[in-house]
Amino acid sequence: MRPRHVSRAAVGALLSLALAACGGGGGFSGGNSSGGGDKGTVRMLVNITPNLTQSYWTRLVEPFERAHPGVHVKIEAPTGKSVADTLPQQLAAGNAPDVVEQLTADPTRASQMLDLTDQPWAKSTPLAQQAAVGGRIYTVGVGEQAQSLIFYNKTAFAKAGIQQPPKTLDELTQAMGRLKAAGYLPLQTAGDFVTGLQLLQLADPSLAQSHPHWYQDVKAGHLKAGESLLPHLRLYKSWIAQGYVDKNAMGLKYPDSQTRFFAGKAAMYIMGSWFTAAEATAKKDFEVGVFAAPVQTGQRSPGPQGATMAAPYMILKSAKHRDLALKLVQWLVTDKSAVTSQLQQDGNFRPGFDRRFTPLERQVQQILDAAPATVPQGEGYGDDTLPNGFNDAWNTQVQGLYVGRSPEKVAAAVDQWIASRS
């Protein structure tokens, strides 16, 4: 997992941009914010979450539609388990959307996506250079999501006598014991995608230090992903055995896990920075804090922060209305109102955008600022990627720990899955 130093100055250079002419190379016609007479329906496949509802997406694109008479943006929710699951099905059926949100390009997806490298506005969007494939930009986004975060119930920590958030994984486990003794479920988790995601988010800062070139080494066969994550798998298995996580959590849906945390029964919740948006509107009788994911004993704390592009967009080469899709995506990632709305709605960050920050969001920003670097998370992005489907495969195997599988078998199954796709 190679540390990536995110250039705040480069990201901040976009602050003065509003909707501008598309221009640039790539053989695309120009256009302006009035629409230029183009008409048609642009289909956009998006991620649907408790924050990013269908109605939110519809409201978001309404100003674009008003500025482009005769243009309709059709918001499409996944028909499969996720956007990652749905897009391949649509491609196989010859029914792919014009724009896809949530996914980032990798060497496989890039061949099906529009190359945006010659679009001047694309180059300075957040993490665009880091997410490039072979030096070419296919993915652009609105901001940055911090990933390696642990949100906690300050009342629970006080009752358990924990004065400072833990900095190492050993300290985290000790804190869990004290929280359980104080009558709290130490860590809230769930089924769906949550189980595997939380463990990867927790592992990022340690893994980036023990294996600085993790993605390249795994892809080259010099390192096995599952084997390198075995210490975290063993740690997680011990938490299950000690009752630090709910042994029946696999039956719980993602939104319900948030609800249970806000009910005050659980002390900690590992999640990305988008959780701050849910916290801002949740009913609760305690204050929520956040700290950077702890690291292995002897490593630098805080470690590199797992980070991903917030609201990543790609345009398919097969887009029926390619120019309109290009204008839409440019507007989504450069128009100040559109960007600010997306940052606010899903708890994302972008230097220089003057949006309302909650106290919790300010703490997340401080964590990002203190991190020595940011690193890809999960399947990764750009040239630092694992095979498509890794996140789902990892999640399935981690959930096997709840039904008696050993950490060693889980690690071996993960490595076998990667080997079968290399």
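A quick yes/no check of all residues on (1) in a strand (DSSP E or B); (2) out of contact with any Gly (no Cβ under 8 Å at 6 or more places or on another chain); (3) under 24 Å from Q112 (Cβ atoms); (4) open to solvent by less than 10 Å² (accessible area, probe 1.4 Å):
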residue	(1), (2), (3), (4)
G298	no, yes, no, no
A325	no, yes, yes, yes
L332	no, yes, yes, yes
G352	no, no, no, no
P372	no, no, no, no
Q377	no, no, yes, no
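Can you pull out the residues in the range 118-143 that are surrounded by fewer than 19 Cβ atoms within 10 Å (Cβ to Cβ) and free of Cβ contacts under 8 Å to residues at least 60 places away in the same chain?
Result: K123, G135, R136.
Name the residues in the range 354-367 that are surrounded by fewer than 22 Cβ atoms within 10 Å (Cβ to Cβ), touching a residue at least 40 places away in the same chain (Cβ under 8 Å) and assigned to a helix (DSSP H, G or I), would you?
Those that are surrounded by fewer than 22 Cβ atoms within 10 Å (Cβ to Cβ), touching a residue at least 40 places away in the same chain (Cβ under 8 Å) and assigned to a helix (DSSP H, G or I): L360, Q363, I367.
Starting from residues that are crowded, with 21+ Cβ neighbours inside 10 Å and in contact with an Asp or Glu (Cβ under 9 Å, 6 or more places away or on another chain), keep the ones in the range 91-117 and report whichever is nearest to K219 (Cα to Cα).
Looking at residues that are crowded, with 21+ Cβ neighbours inside 10 Å and in contact with an Asp or Glu (Cβ under 9 Å, 6 or more places away or on another chain), I get D106.
Under the condition of being in a loop (DSSP other than H, G, I, E, B) and surrounded by 15 or more Cβ atoms within 10 Å (Cβ to Cβ), which residue from the range 37-49 is modelled with the highest pLDDT?
Among them, the one singled out is V46.
From the list R356, R405, which one is closer than 16 Å to L199 by Cβ and among the basic types (K, R)?
R405
Take E408 and decide whether it is open to solvent by 60 Å² or more (accessible area, probe 1.4 Å), acidic (D, E) and on the phi < 0 side of the Ramachandran plot.
When the stated conditions are applied, E408 passes them.
With the condition kept exactly as written, say whether any residue in the range 400-416 is within 16 Å of the chain's Cα centre (by Cα) and part of a loop (DSSP other than H, G, I, E, B).
no
Kindly indicate which of P78, P107, P88 is more than 18 Å from V329 (Cα to Cα), in a helix (DSSP H, G or I) and either in contact with a helix residue (DSSP H, G or I) (Cβ under 7 Å, 6 or more places away or on another chain) or of a type outside the set (S, T, Y) (or both).
Every option except P88 fails the conditions.
Quick check, is Q129 within 16 Å of A373 (Cβ to Cβ), assigned to a loop (DSSP other than H, G, I, E, B) and not aliphatic (A, V, I, L, M)?
Criteria met by Q129.
In the range 64-75, what residues are surrounded by fewer than 16 Cβ atoms within 10 Å (Cβ to Cβ) and part of a helix (DSSP H, G or I)?
Answer for the range 64-75, where residues must be surrounded by fewer than 16 Cβ atoms within 10 Å (Cβ to Cβ) and part of a helix (DSSP H, G or I): just R66.
If a residue has to be out of contact with any strand residue (DSSP E or B) (no Cβ under 9 Å at 6 or more places or on another chain) and more than 27 Å from A371 (Cα to Cα) to count, how many in the range 96-126 make the cut?
Looking only at that region, the number is 3.
Might you check whether a residue that is touching a residue at least 60 places away in the same chain (Cβ under 8 Å) and either within 22 Å of the chain's Cα centre (by Cα) or under 25 Å from L127 (Cα atoms) (or both) occurs anywhere in the range 70-78?
no
What residue, of G196, G183, is under 30 Å from A263 (Cα atoms), in contact with a helix residue (DSSP H, G or I) (Cβ under 9 Å, 6 or more places away or on another chain) and outside any helix (DSSP H, G or I)?
When all the criteria are applied, what remains is G183.
Hey, any hits in the range 293-311 for a residue that's of a type outside the set (A, V, I, L, M), under 22 Å from the mean Cα position of the chain (by Cα) and more than 30 Å from F157 (Cα to Cα)?
no
The values are calculated or read from the model by the stated rules, or taken from the named source; none is laboratory data. Fair warning: this is a prediction, and the values are worked out from it, not measured in the lab. All Cβ positions, glycine included, derive from the backbone under ideal geometry; neighbour counts span all protein chains shown. We work out accessible area using only protein heavy atoms, side chains counted, and drop any ligands, DNA or RNA first. Shrake-Rupley method; radii C 1.70, N 1.55, O 1.52, S 1.80 Å.
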